Structure formats: structure tokens, C-alpha cells
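The values are calculated or read from the model by the stated rules, or taken from the named source; none is laboratory data. Since we're looking at a predicted model, the values are computed, not measured. Counting neighbours? That spans all protein chains shown, and the Cβs are built from the backbone with ideal geometry, glycine included.
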Amino acid sequence: MIRAVLFDFDGTLADTLPLVYRSFREMWRGVDGRERSDEEILSLFGPPEEEIIRQRVPEEQLEASLEEYYSLYQKFHEEEVEQVPQMLQLLRDLKENGYQVGVVTGKGRRSAEISLAKLEMADLVDILVTGSDVRRYKPHPEGIQKALSQLGCSPEEGIYVGDSPGDVHAGLAAGVGTVGVRWFVGSDSRPFDPKPQLVAESVEVFQNWLTSRG
């Protein structure tokens, strides 16, 4: 029986990838003047933003660059990220049906909390595990395992929902049910390999599948 539904965030609960790309691009433009493509930025995903920046920005510019990134992320959030009523309703429905809801994301805690608050999702999430809270990043299952432990659930009682191949790898490694989603146009478009148990092109497909699992 499924008790816990865990979600990735960027590209899964919200179409935040354009915001992430823009914030990184503008920050780096101020560091070295070089323009980064979305694909180049996507290739860096795994560690949280602060670690990506720490690895690539000169030490003397590090603190200013970190603050600039988060300032840009907050500044452009409403312009770049649309609040989708269907996603809020999905979380409400899960809570009303007795599921525990978690977010396990590679993004840093600071940006995750900004987005959850702005999108009015914070009160609908029982557990938040970010890239700032783990030592090993997705596709390692540490974040999922940590969330399940804090929720008091076994792997057999959980599922993980994400939009990237790394999400599916992490879910499979954690022993939970896996769902790959393609319900945002801006989602990660890389093919799922290995295949998740379900590829959901819409929230309705996911909800029907979950209901069938019991």
C-alpha cells in the first residue's frame, strides 16, 4: 500500500527550469561575460546551486555570486514561473486521501523554500529534502531514503515522481515505485533510461495510476 508520494521539484511540481536557466545565465554573465546555453546549464544539474557555483566561480567572487543568484531567482520568479492550479489541487487531493507528501530535490534549500512559498505549496508538503541536506546527490538515492525515514515509511510504501533520468535512477535505487512525468513543456526532455514504471503525460494519468496501486 502506498503511503508516501515524493516529488522532484524543478520540471515536476513547477515549470521552474526557465527561471533557473535565466538566473544562472545572468549571474555568470556578471562573473566572466560568457553566455551559457540552457543545455550547458542543464548538464551541471545534480548538486545544488550553491555547489555548482562554488565549483566554478573564483573564490574572491563566490559570496557575491551566490547572493546574486538567489536575488535573481527571487526577482524573476513571478515573471518566469506560472502558478498552476492543477498542481496545487494534486497536492491537496493527495493530502485529503491520506498520503504523506514529500519533495526530494537537487536544488538548494534556499531556492526550494522561495519557490514553495511563492507557489503556495509549503503547507502542503510534509517533508522537504534538498541538495543542501544530503552528501550524495541524485541519481544516488540518499535524499529519497532520508525522506522515507523521516516519514516512517518503507520503500515499498513510497513512490518517487520526477522528470529526469536521474530521478528515475534514484527512485529505482531506493526501491520505490517510479514515475517519469512529461506534463510541463519545459521539463527535462532526455529519454528515461531505464524506464520508470509509468510515464505520465498528464496529472490525470498519474492520479489514475496511483489510485490503481491503492
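Numbers at a glance
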item	result
Within region 182-199, tally of residues that are modelled with pLDDT of 95 or more and buried (at least 20 other Cβ atoms within 10 Å of the Cβ)	1
Enumeration of residues in region 61-78 that are under 19 Å from the mean Cα position of the chain (by Cα) and over 26 Å from Arg136 (Cα atoms)	Leu72, Gln74, Phe76, His77, Glu78
Selection within region 28-83 - within 20 Å of Asp167 (Cβ to Cβ) and either touching a residue at least 40 places away in the same chain (Cβ under 8 Å) or polar (S, T, N, Q) (or both)	Leu42, Ser43, Phe45, Gly46, Pro47, Pro48, Glu49, Glu51, Val81
Members of region 156-173 that are over 28 Å from Arg22 (Cα atoms) and surrounded by fewer than 24 Cβ atoms within 10 Å (Cβ to Cβ)	Glu156, Glu157, Leu172, Ala173
Failed item, numbered, when Val103 is tested on (1) out of contact with any Phe, Trp or Tyr (no Cβ under 6 Å at 6 or more places or on another chain); (2) surrounded by 14 or more Cβ atoms within 10 Å (Cβ to Cβ); (3) over 11 Å from Ser23 (Cβ atoms)	(1)
Some residue of region 147-155 being in contact with a strand residue (DSSP E or B) (Cβ under 7 Å, 6 or more places away or on another chain), buried (at least 24 other Cβ atoms within 10 Å of the Cβ), in contact (Cβ under 8 Å) with a residue 24 or more places away in the chain and under 11 Å from Asp8 (Cβ atoms)	no
